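Below you'll find the structure, written out as structure tokens, and then a few comments.
The numbers here are math on the coordinates, done by the rules we state, and not lab data. All values derive from a computational prediction rather than experimental measurement. Cβ: placed from backbone, ideal geometry, glycine included. Neighbour counts: every protein chain shown.
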């Protein structure tokens with residue numbers, strides 16, 4: 001029996017922790033930007049004052065920063081005088097690629113079944129004027145988990161591209177973006193792009209072209225976001241009717257910018273509306289926060305009448321039905337619930353931030369995009385998203401053969417040739 005030889009070869013990459021990717025910078029930038037955009041009041045839907053918006057953002061931001069500071073202080077104290085050796089990244093590339101191929105084929109098979117069961121794909125439905133929408137696609141309770149598998153596989157392939165510089169590894173990351181258009185799922189596209197960006201910026205030096213490219217990609221996404229939104233609504237005029245832009249909003253701007261502005265500002269608008277109209281349940285089980293960890297078919301069975309409007313809260317208008325990641329914690333335990341949730345998120349992000357191995361860098365990319373998207377919804381407790389951490393743990397698990405743990409080895413093609 002032929003036994004594959006494992007060679008101990010370290011990856012030569014610039015591993016760093018750029019300051020702009022620190023949880024404090026990301027979270028502060030997100031909520032400061034939300035507060036500033038809200039203060040412009042470019043839509044009649046935004047019913048609260050600038051002071052109320054900044055106060056709400058501060059109630060969210062302050063506990064997060066406090067826990068980060070405590071974690072940072074404890075980390076400094078516990079590592080004082082300890083100088084860890086430069087980490088060596090070792091990984092069995094062949095094993096990783098084999099696992100990614102197998103699980104992508106599994107995703108493909110399940111997606112074919114979903115297409116058959118659903119009777120097509122959402123983009124074709126929209127082009128044909130069908131009454132079906134993107135919410136009718138997929139198998140309930142399975143579709144989200146399958147999407148998390150696809151994004152996790154694509155993230156690993158993107159990492160392999162950065163390591164090997166082989167363009168074939170970009171096929172799947174590009175496919176994820178195309179697939180998100182086919183199924184008209186902007187959250188899938190946004191999450192994937194954010195994760196790719198975090199990994200790229202973590203592993204590659206920031207050059208002038210990077211500073212230009214990132215905003216360009218962001219602008220392209222916003223414009224594409226608007227196009228997908230117009231397809232879902234039927235036309236840009238239909239969305240303008242829903243968005244109710246004020247006279248201060250420039251009508252000549254592309255619809256994507258209005259889509260972006262409304263989607264960024266209405267969640268905190270809904271959160272403030274919920275805080276003024278809903279009495280917290282003061283339930284220590286936090287049902288509205290934790291219920292999204294379970295498939296939809298199990299939520300009502302587990303929580304029953306304890307659930308409020310877990311994901312949406314009270315809405316100013318039904319057209320915009322997200323209320324930030326904090327609407328569930330508020331419904332569960334009021335301002336204290338929001339503070340506890342911020343603290344938990346800060347601890348989780350810091351725990352992954354201080355680690356420099358491959359698996360945890362990719363995991364940090366997942367929680368970083370969750371952190372950015374707290375202005376929309378709670379992805380930290382969303383099973384279809386946070387399940388990526390489970391997939392990544394499996395993909396990077398060392399092989400076990402005959403009860404013996406095999407060494408973790410990465411062998412790139414040039415190194416293989418040199419060592420053989």
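Brief remarks follow.
- Taking the range 19-405 and dividing mean pair separation by its residue count, relative contact order in percent (alpha carbons under 8 Å, at least six apart): 25 percent
- Which of 92, 332, 136, 357 has the fewest Cβ neighbours within 10 Å, and the rest in rising order: 136, 357, 92, 332
- Gain upon complete extension [residue 177, residue 74; 0.36 nm per residue less C-alpha separation]: 33.1 nm
- Relative packing of peptides 33-39, 127-133 - highest average C-beta neighbours within 10 Å first: 33-39, 127-133
- Ordering of 187-198, 104-115 by burial proxy (mean other Cβ atoms within 10 Å per residue, highest first): 187-198, 104-115
- Kirkwood Rh and Cα Rg combined as Rg/Rh, the range 108-222: 1.03
- With each label modelled as a point 7 angstrom along the Cα→C-beta vector, the residue 132-residue 279 pair spans 4.5 nm.
- Cβ crowding within 10 Å averaged over residues, with 42-55, 268-281 ranked highest first: 268-281, 42-55
- Each residue, residue 145 and residue 220, gets one label point 7 Å from its Cα in the Cβ direction; the gap between the two is 3.5 nm.
- Sites residue 317 and residue 251, calculated FRET efficiency, Cβ-Cβ separation with R0 22 Å, nearest 0.05: 0.60
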